[in-house]
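As structure tokens, the structure follows; a few thoughts come after it.
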Amino acid sequence: MVDLNGKENTTISYLIKQLDQPYDYLAAIGSLWVFLNRALGKKVKNPLNKKYSYFCSELLLTALKIADWQGTENLDPHTTFPEDLMQFLNNHPKAKAL
């Protein structure tokens, strides 16, 4: 379970509105560009990202940001990889394994 700082309704409403949005396959492919640049020590935005479609880690991080989760202010949904998000959650005191 995750504590959403009393913003459960706002966060869940946002997530429900995203149910009809398509999976962002292009952004998933564009994340390769971000990954390659990261390996070279550069931070770039995903050039194939769409504003209203997501892949999994983008959607989860966006929801946590809506809930004003401590530490997410330093993370960008469009440049954060699933592994980054997992590491963030594993080290976050509010995250609890189900």
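For the condition among the aliphatic types (A, V, I, L, M), surrounded by fewer than 16 Cβ atoms within 10 Å (Cβ to Cβ) and in contact with a Lys or Arg (Cβ under 9 Å, 6 or more places away or on another chain), what is the one hit in VAL34, VAL44?
Working: VAL34 fails: surrounded by fewer than 16 Cβ atoms within 10 Å (Cβ to Cβ).
Being among the aliphatic types (A, V, I, L, M), surrounded by fewer than 16 Cβ atoms within 10 Å (Cβ to Cβ) and in contact with a Lys or Arg (Cβ under 9 Å, 6 or more places away or on another chain) holds for just one of VAL34, VAL44, which is VAL44.
Would you mind telling me which numbered condition in (1) at pLDDT 85 or above; (2) surrounded by fewer than 18 Cβ atoms within 10 Å (Cβ to Cβ); (3) part of a loop (DSSP other than H, G, I, E, B); (4) more than 9 Å from the chain's Cα centre (by Cα) ASN90 fails?
(3)
State which residue is nearest to the chain's Cα centre (by Cα) when the search covers only the range 1-52 and only residues that are among the small types (Gly, Ala, Ser) and farther than 20 Å from GLU83 by Cβ.
Going through the qualifying residues, I end up with SER13.
Could you please let me know if ALA28 is assigned to a helix (DSSP H, G or I), at pLDDT 90 or above and not β-branched (Val, Ile, Thr)? Steps first, answer last, please.
Working: assigned to a helix (DSSP H, G or I): yes; at pLDDT 90 or above: no; not β-branched (Val, Ile, Thr): yes.
In short, no.
Against the condition among the β-branched types (Val, Ile, Thr), part of a loop (DSSP other than H, G, I, E, B) and modelled with pLDDT of 85 or more, how does VAL34 come out, does it pass?
Values: among the β-branched types (Val, Ile, Thr): yes; part of a loop (DSSP other than H, G, I, E, B): no; modelled with pLDDT of 85 or more: yes.
So VAL34 does not fit the description; no.
The values are calculated or read from the model by the stated rules, or taken from the named source; none is laboratory data. These numbers were taken from a predicted model, which means no experiment stands behind them. Here Cβ is always computed from backbone atoms with ideal geometry, including for glycine, and neighbour counts include all displayed protein chains.
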